[in-house]
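Comments concern the structure below.
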Amino acid sequence: MQAAVQAFPQAINVLGVDINQGYLEQARQKVVRYSGEKNIRLISCDFFHFEWKQIIDPMESPLLIVGNPPWVTNTSLSKLNIPNTPVKSNEQAFSGYDAMTGKSNFDISEWMLERWLDWLNGRQAVLAMLCKTSVARKTLAYAWKHKIQLDSCRIYEINAKKHFNTVVEACLVVCHLLPDHYSLVCPIYQDLDELQPTREIGYREGSVIADMGNYERWRSLVGSERYRWRSGVKHDCADVMELAATGRDGSYRNGLLEHVAMEAIYIYPLVKSSDLANGRLQKPSKHLLVTQKRVGEATHPIQKIAPKTWDYLMKHADLLGGRRSAVYASQPRFAIFGVGEYTFAQWKVAVSGLHKSLQFHVVPPFENKPTLLDDTCYFIACASEEEARFLALLLNSEIASAFYSAFMFPDAKRPVTAEMLRRLDLLSLARELGKEEEYRIYQPSILIQDDNPGHQLSLALPGVSEPDNKRLF
Ligand SMILES: C[S@@+](CC[C@H](N)C(=O)[O-])C[C@H]1O[C@@H](n2cnc3c(N)ncnc32)[C@H](O)[C@@H]1O
C-alpha cells in the first residue's frame with residue numbers, strides 16, 4: 001500500500017483491504033504520514049463478504065485496483081480448515097463457482113480477479129494484480145468471453161523464485177478498462193522492465209490463442225480432424241490394474257506390492273506419459289489389466305475365460321468398486337473407459353498430455369501385443385508401422401510445432417489437450433510439407449467411432465471407397 005501511495009501521488013482517495021488485522025496495522029503505520037493530503041481508509045474484512053460494488057460505484061473515475069491476492073487454491077485451504085472461499089449465501093458467488101470450473105479446485109485469486117473485472121466493467125479503470133500466470137490467463141479468457149470492456153491488457157512475467165521464493169509461473173497482469181472498447185489481445189513481456197513483448201496471446205473464435213503470431217501464420221492449417229485423436233485407457237485404480245512383470249512367466253507385482261499370477265489374455269503392455277517423455281517405448285515397464293474391449297462390454301465372461309484374472313478382480317472388488325468417478329456407477333463391474341477398436345491397433349503415434357515438450361512417438365507393439373497408453377496420453381491408431389512413422393514425421397515437423405505453439409500453454413497442468421491436437425488438419429500439413437502424395441497412400445478413414453456404444457458418427461470422405469471408410473482408425 002505504501003508503494004501504491006508513493007507511485008500514484010495524484011490519487012486522493014485510497015482504500016486498503018485485507019482480512020488480516022496485523023497486516024493492516026503495518027500498512028497504517030507506513031501510510032500515516034500521507035493522511036494529511038489524502039483520504040486514506042483501511043478496512044479489515046473478508047473479500048467474499050465485502051460490498052465491493054457499493055464501494056466502487058460511487059467512486060470517481062479513473063479507478064485503480066492494485067493488489068497481490070492469495071496464491072492458493074480453495075482445496076488447499078479447505079485441507080487446512082480455512083474457509084477462504086466464495087460463500088454459499090452469496091448467490092452470485094455460488095452460481096459463479098459452479099459455472100467457473102465445474103470442478104472443485106480453483107485458485108482463490110482467479111475468483112477475485114474476475115469479480116473485480118465485473119465490478120469495474122464499463123468504467124475507466126485499471127486492474128493490476130500479481131498472480132500466477134495461469135490465473136492471469138484464465139481471467140483474460142473470462143474477460144474476453146464475457147465481453148468485458150477492455151482497452152488493453154499486458155502481462156509482465158516475474159521471477160517468482162527470486163521475489164517470493166516460490167516455484168510457480170507468476171506475473172503482473174494489467175488490464176485497462178474503457179467503455180465501448182473490446183481489445184482481444186494481450187502482449188507478454190518477459191520482465192517488468194522489458195519494453196518489447198515476446199509474443200501476444202489473444203482470443204479468436206471462442207478460444208484463447210497462446211501465440212497470435214503463429215496463429216496468424218499457420219491458421220490455414222486449422223481444419224477437420226481426418227485422423228481421430230484418442231486418449232488412453234482410464235481405469236482410476238493403478239494399484240490394482242497396473243502390473244509390473246517380475247520376469248517369471250505370467251507373474252506380476254501390483255501397486256499394492258502383491259505378487260500375482262494370472263492368464264495373459266487380459267494383460268497388455270502399457271506406456272504412460274512419463275515413458276513417452278523419456279522415450280521408454282521398446283520394452284514397457286508396466287502392463288495393464290484390460291477388462292473390456294469396448295465401453296460397456298459385459299465383464300462377467302472373464303470368470304469363465306480367465307478364472308485367475310476373475311479371482312484377482314474379485315479380491316480387489318472393494319478398491320475397484322470404490323472408484324470415485326461417477327462414470328463407473330452405471331457400468332459393469334470392473335469397467336474401464338477409453339477403450340474401443342482403436343485401443344488395440346498394433347501401431348500408434350502418441351504424445352504425452354502432461355509434458356510441455358511436444359514430441360510425437362511411434363508406439364510399437366510388444367511381444368505381439370498392442371501397446372496401450374494411459375489416460376495422460378493422446379494417440380492416433382494406425383493401420384501399419386509405415387503409417388505411424390509417416391504421421392510422426394508430419395507431427396514432429398517444425399511447421400506442426402509452430403502451429404501447435406499457437407494453442408499450447410506450457411505452464412498449464414495439461415499443456416497438451418485433445419482439443420488442441422484435433423485442430424491441425426494433417427492433409428493440409430502434408431500439403432504444406434510437400435508430402436500430399438504420400439499422405440494419400442495412407443488416406444485415413446474418418447469413420448469416427450464414439451466412445452459411447454450406440455453412437456457412431458460416420459463421416460465418409462468423398463471419393464474414398466466404402467471398405468476404406470469402414471476402417472475404424
Ligand atoms: C499474497 S498476500 C499479499 C500481501 C500484501 N498485500 C503484499 O502485497 O505483500 C495475500 C493477502 O491476501 C489477504 N487475504 C487472504 N484471503 C483474504 C480474503 N478472503 N479477504 C481479504 N484478504 C484476504 C492475506 O491476509 C494476505 O495479506
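Is it the case that Ala27 is within 13 Å of the ligand (Cβ to nearest atom), not in a strand (DSSP E or B) and not basic (Lys, Arg)? Spelling it out, Ala27 is indeed within 13 Å of the ligand (Cβ to nearest atom), not in a strand (DSSP E or B) and not basic (Lys, Arg).
Of the strands (runs of 3 or more DSSP E) lying entirely inside the stretch 356-473, those containing at least 3 residues that are out of contact with any Asp or Glu (no Cβ under 7 Å at 6 or more places or on another chain) and at pLDDT 95 or above are 361-363, 377-382.
Condition check ((1) surrounded by fewer than 17 Cβ atoms within 10 Å (Cβ to Cβ); (2) of a type in the set (Lys, Arg); (3) in contact with a helix residue (DSSP H, G or I) (Cβ under 8 Å, 6 or more places away or on another chain)) across all residues:
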site: Gly321; (1), (2), (3): yes, no, no
site: Ser352; (1), (2), (3): no, no, yes
site: His355; (1), (2), (3): no, no, yes
site: Leu358; (1), (2), (3): no, no, yes
site: Phe366; (1), (2), (3): no, no, no
site: Leu391; (1), (2), (3): no, no, yes
site: Asn396; (1), (2), (3): yes, no, no
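Here's the yes/no breakdown for (1) assigned to a strand (DSSP E or B); (2) within 14 Å of the ligand (Cβ to nearest atom):
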{"residue": "Ala3", "(1), (2)": "no, yes"}
{"residue": "Pro9", "(1), (2)": "no, no"}
{"residue": "Gly16", "(1), (2)": "yes, yes"}
{"residue": "Gly22", "(1), (2)": "no, yes"}
{"residue": "Phe48", "(1), (2)": "no, yes"}
{"residue": "Lys53", "(1), (2)": "no, no"}
{"residue": "Ile65", "(1), (2)": "yes, yes"}
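Among the residues making up the stretch 212-234, those that are assigned to a helix (DSSP H, G or I) and under 16 Å from Leu426 (Cβ atoms) are Trp218, Arg219, Ser220, Leu221. Hey, does the stretch 281-295 have a residue that's more than 23 Å from Gly340 (Cα to Cα) and hydrophobic (A, V, I, L, M, F, W, C)? No: the stretch 281-295 contains no residue that is more than 23 Å from Gly340 (Cα to Cα) and hydrophobic (A, V, I, L, M, F, W, C).
Of the residues in the stretch 87-99, at least one is within 12 Å of the ligand (Cβ to nearest atom), under 28 Å from Ala170 (Cα atoms), assigned by TED's automatic domain parsing to the domain that holds Asp151 and at pLDDT below 90. Is it true that some residue in the stretch 125-141 is on the phi > 0 side of the Ramachandran plot, surrounded by fewer than 22 Cβ atoms within 10 Å (Cβ to Cβ) and not hydroxyl-bearing (Ser, Thr, Tyr)? The answer is no, given that none of the residues of the stretch 125-141 is on the phi > 0 side of the Ramachandran plot, surrounded by fewer than 22 Cβ atoms within 10 Å (Cβ to Cβ) and not hydroxyl-bearing (Ser, Thr, Tyr). Given the residues Leu256, Leu178, which is the only one that is in contact with an Asp or Glu (Cβ under 6 Å, 6 or more places away or on another chain) and surrounded by fewer than 16 Cβ atoms within 10 Å (Cβ to Cβ)? So the residue among Leu256, Leu178 that is in contact with an Asp or Glu (Cβ under 6 Å, 6 or more places away or on another chain) and surrounded by fewer than 16 Cβ atoms within 10 Å (Cβ to Cβ) is Leu256.
Taking first residues from the stretch 111-136 that are within 26 Å of His163 (Cα to Cα) and partners that are assigned to a helix (DSSP H, G or I) and within 15 Å of the ligand (Cβ to nearest atom), the Cβ contacts under 6 Å between residues at least 6 apart in sequence or on separate chains come to Met112/Phe47; Leu127/Trp116; Met129/Leu113; Cys131/Ser109; Val135/Ser109; Val135/Glu110.
Taking the condition in the same structural domain as Asp318 (by TED's automatic domain parsing) and loosely packed, with under 15 Cβ neighbours inside 10 Å, does Gly296 pass? Judged against the criteria, Gly296 is not a match. Looking across Val349, Val363, one residue alone is in contact with a Phe, Trp or Tyr (Cβ under 6 Å, 6 or more places away or on another chain) and within 26 Å of Ile441 (Cβ to Cβ). It is Val349.
The values are calculated or read from the model by the stated rules, or taken from the named source; none is laboratory data. The structure presented is a predicted model; accordingly, all values stated were derived computationally and were not measured. Virtual Cβ from ideal backbone geometry, glycine too; neighbours counted across all protein chains shown.
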